Amino acid sequence: MSGQKGFSLIELMIVIAIIAILAAIAFPAYQSSVAKAQLTAALAEIRPGKTTLETVVQDGRDPLLVDKSYVGLTVSTRCSSVSATLDSSGVGEISCTLQGSSLVSGRDLKLKRSAAGQWTCDASAFDQKYRPAGC
């Protein structure tokens, strides 16, 4: 009599259960990683606008010229809408309304300029674990 070859039903069910448990643990971690990557990408898309705003302030140009097209910002796969503002005191803001993962979609990421010329990243609309470094 030769031995049986193959797997029993119980062994296959155990393997499937292990795979299901691993997937249940990995999926939320994957979603968090995607959300953080999308937020970081959105920040990278609006960050170049800082240079244009600084140039306007330093050169004494009319701050009313500043808008998203003047700064070179466009709607993209990460930002469903973008805006740029600057007032006569030098206070400015560059904003991106995110699209993508449901964990970040529809919320605003902002770069803010104070009258003293200090830039801050405002990601307060997002959970701390999704915020890129420096926000």
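Here are the numbers for the structure shown:
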| item | result |
| --- | --- |
| Residue in the stretch 57-68 that is modelled with the lowest pLDDT, counting only those that are out of contact with any strand residue (DSSP E or B) (no Cβ under 6 Å at 6 or more places or on another chain) and assigned to a helix (DSSP H, G or I) | L65 |
| Test for L98: is it at pLDDT 90 or above and crowded, with 19+ Cβ neighbours inside 10 Å | yes |
| Qualifying residues in the stretch 123-134 (those that are hydrophobic (A, V, I, L, M, F, W, C) and within 16 Å of R47 (Cβ to Cβ)) - the one modelled with the highest pLDDT | A123 |
| Checklist (1) of a type in the set (S, T, N, Q); (2) within 21 Å of Y130 (Cα to Cα); (3) free of Cβ contacts under 8 Å to residues at least 24 places away in the same chain; (4) not in a strand (DSSP E or B) applied to S101, failing item | (3) |
| Flag for T120 being outside any loop (DSSP other than H, G, I, E, B), under 12 Å from the mean Cα position of the chain (by Cα), modelled with pLDDT of 90 or more and hydroxyl-bearing (S, T, Y) | no |
| Residue list for the stretch 1-51, filter: over 39 Å from the mean Cα position of the chain (by Cα) and in a loop (DSSP other than H, G, I, E, B) | M1, S2, G3, Q4, K5, G6, F7, S8 |
| Pairs with Cβ under 8 Å, 6+ apart, first in the stretch 108-135 and at negative phi, second part of a helix (DSSP H, G or I) and of a type in the set (K, R) | L111/K50; R113/K50; W119/K50; K129/K36; Y130/K36; R131/K36; P132/K36 |
| Selected residue (only one of R78, R113, R61 is among the charged types (D, E, K, R) and within 20 Å of S33 (Cα to Cα)) | R78 |
| Selected residue (criterion: farthest from W119 (Cα to Cα)) from residues of the stretch 76-92 that are of a type in the set (S, T, N, Q) and in a strand (DSSP E or B) | S80 |
| Residue match in the stretch 16-29 (condition: closer than 30 Å to A133 by Cα and touching a residue at least 60 places away in the same chain (Cβ under 8 Å)) | no |
| Residue within the stretch 67-81 that is closer than 28 Å to R131 by Cβ, touching a residue at least 24 places away in the same chain (Cβ under 8 Å) and either in contact with a Lys or Arg (Cβ under 8 Å, 6 or more places away or on another chain) or of a type in the set (D, E) (or both) present | no |
| Filter pass, S95 being touching a residue at least 40 places away in the same chain (Cβ under 8 Å), under 15 Å from the mean Cα position of the chain (by Cα) and part of a loop (DSSP other than H, G, I, E, B) | no |
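The values are calculated or read from the model by the stated rules, or taken from the named source; none is laboratory data. Everything numeric here is computed off the predicted structure, so don't read it as measured data. FYI the Cβ positions are ideal-geometry reconstructions off the backbone, even for glycines, and counts take in every protein chain you see.
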